[in-house]
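J.: This is the structure I have questions about; it appears just below.
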Amino acid sequence: MGKGKTKSINMIDARGRSCPEPVIMTKDALERHSDGTIEVLVDAMVAVENIRRFAGNHGFHVEVKEVDEGYSLLINR
């Protein structure tokens, strides 16, 4: 049996930050880790919409979940 390779999740905590800062933080993380999964935490729906639009326009899949402190966006190719 071969060993499976696990992908790490890089987390960005953008809670409390105003747009466009969460989008810029997400862009920087995607440039550094384009082959992995990025989890972005935000606390405003406008940030969810802007990050989803940005990531989708650049070929990424975005899954949004509501969490206690706002929203979690899982972004990957």
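Laboratory data are not the source of any read-out in this text; all were calculated from the coordinates shown. Because the structure is predicted, anything quoted here is derived from the model rather than measured. FYI the Cβ positions are ideal-geometry reconstructions off the backbone, even for glycines, and counts take in every protein chain you see.
J.: Write down the Å³ per residue value for the convex hull defined by the alpha carbon atoms of the chain.
T.: 92
J.: Let me ask something else. If I take every Cα pair under 8 Å that is 6 or more residues apart in the chain, average their sequence separation and divide by the length, what percent do I get for the relative contact order? Please report the intermediate quantities before stating the final value.
T.: Working: 125 pairs, mean separation 24.4, N = 77.
Value for the chain: 32 percent.
J.: What number, rounded to the nearest 500 deg cm²/dmol, is the helix-based mean residue ellipticity at 222 nm of the chain, given -39500 (n - 2.57) per DSSP H run of at least four residues and division by all its residues? Spell out each step's value before the answer.
T.: Values: 2 runs with 25 residues, N = 77.
-10000 deg cm²/dmol, from helical runs alone.
J.: Just Val42, Val23, Val64 to compare: in a GNM of the chain, with alpha carbon springs under 10 Å, which one fluctuates most?
T.: It is Val64.
J.: Right, next: Note down the net charge around Ala14, summing +1 for each Lys or Arg and -1 for each Asp or Glu among other residues with Cβ under 10 Å from its Cβ.
T.: -1
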